[in-house]
Ligand SMILES: [Zn+2]
């Protein structure tokens, strides 16, 4: 028997320490929370993608009474897949707004979104940087695989 240790490297920034590109993407994710339709959870998730071609895409969770809605992260990456097929996603920023303010702790994608994002990253053949934004702090990871170790993939 051997034991394997898996580590995840997370860099923690204050919002003001971010470079201009990362600030722009976090700001876009915050703006996207306003497009969320979340009458059931009242948890308004916003995301923003920066594609390799410079295009930015916003996403926001869209709920419905059948509880078969779509998360903010997948609404953005499916939009990218539909409108810019084959263009790698360079970065994704995620945040959430609830109870009258942005979440204090950085917001992290659910397991389904992690799987969807990993597949975009694998198809692109290059890592997708992940920015998880809270009210003041932003976690930055260099690959979506850092959020989904031992990734399920047929590739
Ligand atoms: Zn999700």
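The values are calculated or read from the model by the stated rules, or taken from the named source; none is laboratory data. This structure is a prediction, so every number in the text was calculated from the model and none was measured. Methodologically, a virtual Cβ is constructed for each residue, glycine included, from the backbone with ideal geometry; neighbour enumeration extends over all protein chains shown.
Listed residues 51, 131, 117; which is buried (at least 23 other Cβ atoms within 10 Å of the Cβ), in contact with a strand residue (DSSP E or B) (Cβ under 8 Å, 6 or more places away or on another chain) and free of Cβ contacts under 8 Å to residues at least 60 places away in the same chain?
Working: 51 fails: buried (at least 23 other Cβ atoms within 10 Å of the Cβ); 131 fails: free of Cβ contacts under 8 Å to residues at least 60 places away in the same chain.
The unique qualifying residue is 117.
Please work out which residue is nearest to the chain's Cα centre (by Cα), limiting yourself to region 123-150 and to residues that are over 28 Å from residue 16 (Cβ atoms) and away from the ligand (no atom under 16 Å from the Cβ).
In the first step, residues of region 123-150 are kept if they are over 28 Å from residue 16 (Cβ atoms); the result is 123-126, 145, 148-150.
Filter again for away from the ligand (no atom under 16 Å from the Cβ), leaving 123-126, 145, 149-150.
On the way: 123: 17, 124: 16, 125: 18, 126: 16, 145: 12, 149: 16, 150: 19 Å.
Step by step, filter region 123-150, then rank; the result is 145.
Being outside any loop (DSSP other than H, G, I, E, B), crowded, with 17+ Cβ neighbours inside 10 Å and within 15 Å of the ligand (Cβ to nearest atom) is the filter here, so list the residues in region 54-69 that pass it.
Within region 54-69, 59, 60 qualify.
Scan region 4-22 for residues that are surrounded by fewer than 18 Cβ atoms within 10 Å (Cβ to Cβ) and in a helix (DSSP H, G or I) and jot them down.
Those that are surrounded by fewer than 18 Cβ atoms within 10 Å (Cβ to Cβ) and in a helix (DSSP H, G or I): 15, 16, 17, 20, 21.
All but one of (1) in a loop (DSSP other than H, G, I, E, B); (2) away from the ligand (no atom under 16 Å from the Cβ); (3) under 20 Å from residue 35 (Cβ atoms) hold for residue 91; which doesn't?
(1)
Yes or no: region 73-96 includes at least one residue that is at pLDDT 95 or above, farther than 27 Å from residue 125 by Cα and within 12 Å of the chain's Cα centre (by Cα).
yes
Yes or no: region 23-32 includes at least one residue that is within 16 Å of the ligand (Cβ to nearest atom) and either part of a strand (DSSP E or B) or touching a helix residue (DSSP H, G or I) at 6+ places or on another chain (Cβ under 9 Å) (or both).
Scanning region 23-32 turns up at least one residue that is within 16 Å of the ligand (Cβ to nearest atom) and either part of a strand (DSSP E or B) or touching a helix residue (DSSP H, G or I) at 6+ places or on another chain (Cβ under 9 Å) (or both).
Which of the residues that make up region 94-122 are away from the ligand (no atom under 14 Å from the Cβ), touching a helix residue (DSSP H, G or I) at 6+ places or on another chain (Cβ under 8 Å) and under 22 Å from residue 142 (Cβ atoms)?
Residue satisfying the conditions is 121 alone.
Of the conditions (1) within 19 Å of residue 144 (Cβ to Cβ); (2) outside any strand (DSSP E or B); (3) more than 13 Å from the ligand (Cβ to nearest atom); (4) out of contact with any helix residue (DSSP H, G or I) (no Cβ under 8 Å at 6 or more places or on another chain), residue 75 clears all except one; give me its number.
(3)
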